[in-house]
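The values are calculated or read from the model by the stated rules, or taken from the named source; none is laboratory data. In this text the structure is predicted, and so the values were computed from the model without any measurement. Reconstructed Cβ throughout: ideal geometry from the backbone, glycine too, with neighbour counts over all protein chains shown. Side chains are part of the model used for accessible areas, which takes the heavy atoms of the whole protein and leaves out ligands, DNA and RNA. Shrake-Rupley method; radii C 1.70, N 1.55, O 1.52, S 1.80 Å.
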Amino acid sequence: MKPWIITILLLAGSHTVQADNVLFAEGRSDYSIVLADGASRSELTAAKELQAVLREMSGATLPITRRASAGTGAKAIHIGWTPRTSVPRPDRHDESFTYKTVGNNLFIYGGSERGTMYGVFRFLERELGVHWYTSSFTKIPMRSSYTLPSLSHSEAPVIRQRLDFYYDALRHHDWAAHNLLNTQYQLSTTPYGQMSSYWGMHTFHTLMPPSVYFKDHPEYYSVYKGSRSDKAQLCLSNSDMRRELTRNLLDVIAKNPGYWCYDVSQNDNSWPCECRSCLRLVRKYGGHSGAIIWFVNQVAAEVRKTRPDVYIGTFAYRYTRQAPKSSIRPADNVVIRLCDIECCMAHPLEACEQNRSFLSDMNDWRQIAPNIYIWDYTTGFLNYLLPFPNFDVLAANFRYFSQSHVIGILEEGAHDAPWSEFSELKQWLIAQLMWNPYQDVDSLATLFINDYYGVAAPLVKQYYDLCRRQVTADTHFTIKIEPTANLYDDTFIANGISLMQQALARVRSNTPEHQRTRRIAAQLYYLRLRRATPTPSADAALRQLKTILHNDPTLVAEHGITLESLIKL
């Protein structure tokens, strides 16, 4: 695994304007876009997108050339490292980047796999105000002219592996790349560089399917409530099962190449094996997590013999979240995917008494695990449409994770629903903050709201602020938040509905801004509906909600739960 940079470098030079550095004016430009020798696929993509954005912004078309020997007097934007940058060539996988002006030339360079591309996108974002907010909405400001100032700006990611587990981010790799994410849930070929991916989750039964093995080998599976069960976990003490799982895993790796890590982890239930041999492992290795590490270390050792380049991952989740109370340690090719599913999501991890046990577990894992990967949660999974005001948690937690030297973060939101409460805003905020968690969240949110909601933005911002104010020191909620939570009351609902009715009155019907604003209003009608017994108020909320969902259907809870199935219409 290659080393990574965990320090953000912001070397913004003085923005001195050079009179002869007019990038474009009145639909014309004297500049060209020059690709470096041996430019990568992502660098070519970045050059084409730079050309297209500048054309849409100004009407000027900058030609793309591979003339690496372009004269020093020519006006050019150089994409990719060249000797003229006067710095050593970055490693191909280095995601840091620099853009700087030298005379009337602009140089944008970084690692050729993704770093240079990120530099181009960040130049367009920081200097020209381009924002890729959602897969269907990119803001490209119109400009009649632009003069390159004196620039010297460098950045590097704080978090190495960055996976935004929201609907748009998972399905639109172009959106993910524009927002400096580098991890996909599944591998695929894209023009945006080779993004990383972690194979699998809860894979005990994926690797050892009961439909194949249970009939002839029930001993491979957990003893649960006195008998072998094909609905629980695996019997970790069974050496024959371990060898078969390892063979199956090696077959998965051979047939699914390219993942940096392959998962060998417990199923999503809390029913570990209760046989005598497994219980001896639990006692010997200091808990269920110790038994898992003992098992996974052996699998990882076998995999290393033929595939020393890959990692084997496992969960620290629910009954395995606590680090083992013994001398056993994860091998250096094992990744611990630590989950904070039980935590209070209203407050930053370090600021809430209810999260003390997680912080203790995190500290214990840091002492023994060479590779920790965080699985974090950002919405209410039983009620996707309920307001979930965790905006002030995101950056603080990312800073904590980065200071804890984690190697990656997965931020799970409403991954199976096209939209949910504030999902468009949250997935964009998460992408921004995983790259640099030292940005001001409220400033980012205000920028997004102003651009995304148009004339309704001031009232949407007031509602956003209203949601944030519901969180006090005594407010606690988890991912299982219900409509009866104490941060919701009749006053909050009435004030929120009033704001959204005013917002909708400002927006012309049948416009994107109108539909986006209706989605925010859906939070409040859903909340009123779920809190009320059958009353005229609940009936009105249901009518409003069904009107919003009619032409823009969405799930209202994880696992395919629709509004109709939830309230049994």
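A viscosity of 1.002 mPa s and a temperature of 20 °C, combined with the Kirkwood radius over C-alpha pairs in the Stokes-Einstein formula, give the stretch 182-259 a diffusion coefficient of 150 µm²/s.
Net charge in the neighbourhood of GLN51 (other residues with Cβ under 14 Å of its Cβ; Lys, Arg +1, Asp, Glu -1) is 0. In terms of overall dimensions, the C-alpha atoms belonging to the stretch 105-258 reach 75, 27, 25 Å along their principal axes, ordered largest to smallest.
In the stretch 265-311, carbon and sulfur make up what percent of the accessible area (probe 1.4 Å)? Ligands and nucleic acids excluded, carbon and sulfur reach 51 percent. Distant-in-sequence amide contacts of ILE64, defined by a placed amide H-H separation under 5 Å and a gap of 5 or more residues or a different chain, comprise ILE33. For the set THR547, THR98, solvent exposure ranked by accessible area (probe 1.4 Å, protein chains only) runs largest to smallest as THR547, THR98.
Quick check for you: with a 1.4 Å probe and neighbouring chains kept, what is the accessible area per residue of the stretch 452-537, in Å²?
Per residue, the stretch 452-537 has an accessible area of 47 Å².
Given a 1.4 Å probe, how much area per residue of the stretch 305-347 is accessible, in Å²?
Per residue, the stretch 305-347 has an accessible area of 37 Å².
Taking the square roots of 5 times each eigenvalue of the Cα gyration tensor of the stretch 250-305, largest first, gives ellipsoid semi-axes of 26, 13, 9 Å.
Express in % the proportion of alpha carbon pairs of the stretch 38-122 at distances exceeding 23 Å.
On the way: 556 of 3570 pairs.
I get 16 percent for the Cα pairs in the stretch 38-122 exceeding 23 Å.
According to the Cα-based calculation, Rg over Rh for the stretch 219-274 is 1.05, with Rh computed by the Kirkwood formula. Treating each Cα of the stretch 469-523 as an identical point scatterer and summing with the Debye formula, the log10 of I(q)/I(0) at q = 0.15, 0.19 Å⁻¹ comes to -0.55, -0.76.
Suppose a student asked you for the relative contact order of the stretch 457-553, using Cα pairs under 8 Å spaced at least 6 residues apart; what percent would you report?
Relative CO of the stretch 457-553 lands at 26 percent.
The residues of the stretch 70-220 have, on average, 35 Å² of accessible surface per residue, using a 1.4 Å probe with all protein chains present.
Quick one, can you get me the convex hull of the C-alpha atoms of the stretch 111-172 expressed as volume per residue in Å³? Each step should come with its number before you reach the end.
On the way: hull volume 7.1 nm³, N = 62.
Spread over its residues, the Cα hull of the stretch 111-172 gives 114 Å³ apiece.
Report the calculated FRET efficiency for ASP240 and ARG304 (r = Cβ-Cβ distance, R0 = 25 Å), to the nearest 0.05. Each step should come with its number before you reach the end.
Details: r = 21 Å, r/R0 = 0.84.
Computed FRET efficiency for ASP240 and ARG304: 0.75.
Would you compute the Debye intensity of the stretch 136-181 from its alpha-carbon atoms alone, equal scatterers and no solvent, and pass along log10 I(q)/I(0) at q = 0.15, 0.24, 0.25 Å⁻¹ to two decimals? Debye intensities relative to I(0), on a log10 scale: -0.65, -0.95, -0.97.
Model label points for SER145 and ARG55, set 7 angstrom from Cα along the Cα-to-Cβ axis, are 2.4 nm apart.
If GLU421, GLU244 are ordered by their accessible area, calculated over protein heavy atoms with a 1.4 Å probe, which sequence runs from highest to lowest? Display every interim value, and only then the final one.
Values: GLU421 0, GLU244 40 Å².
In descending accessible area the options line up as GLU244, GLU421.
The P(r) of the stretch 401-492 has a tail past 18 Å containing 59 percent of all C-alpha pairs. Inter-label distance, PHE137 to GLU564: 2.9 nm, where each label sits 7 Å from its Cα along the C-beta direction.
Value of Rg to Rh for the chain, rounded to two decimals, is 1.00; Kirkwood radius and Rg both from alpha-carbon coordinates.
Looking at the calculated P(r) for the stretch 476-569, what percent of the C-alpha pair distances fall above 22 Å? Within the stretch 476-569, distances greater than 22 Å cover 30 percent of Cα pairs. Compactness ratio for the stretch 406-550: Cα radius of gyration over 2.2 N^0.38 Å (N = residue count) comes to 1.09.
Annotation for ARG543 and VAL455: the two label points, set 7 Å from Cα along the Cα-Cβ direction, are 2.6 nm apart.
Kindly state, to the nearest 0.05, the FRET efficiency for ASP91 paired with LYS231, given R0 = 30 Å and r defined as their beta-carbon distance. Calculated value: 0.05.
Our helix-only sum for the chain, with -39,500 (n - 2.57) per DSSP H run of n ≥ 4 divided by its residues, gives a mean residue ellipticity at 222 nm of -12000 deg cm²/dmol. Convex hull volume per residue, computed on the Cα atoms of the stretch 303-410, equals 120 Å³. For the peptides 519-525, 389-395, 490-496, the ranking by packing is 519-525, 389-395, 490-496, with the highest mean count of neighbouring Cβ atoms within 10 Å listed first.
Using the scaling law 2.2 N^0.38 Å as the reference, what is the normalised Cα Rg of the stretch 292-351? Each step should come with its number before you reach the end.
Values: Rg = 14.3 Å, N = 60, 2.2 N^0.38 = 10.4 Å.
Here the answer is 1.37, to two decimals.
For the stretch 517-550, the residues whose backbone nitrogen is under 14 Å from a point 7 Å from the Cα of ASP490, taken along Cα to Cβ, are 528, 531-533, 535-538.
Could you sort TRP199, TRP175 by their accessible area in this structure, using a 1.4 Å probe and putting the largest first? The partial results should precede the final answer.
Values: TRP199 40, TRP175 5 Å².
Ranked from most to least accessible, the order is TRP199, TRP175.
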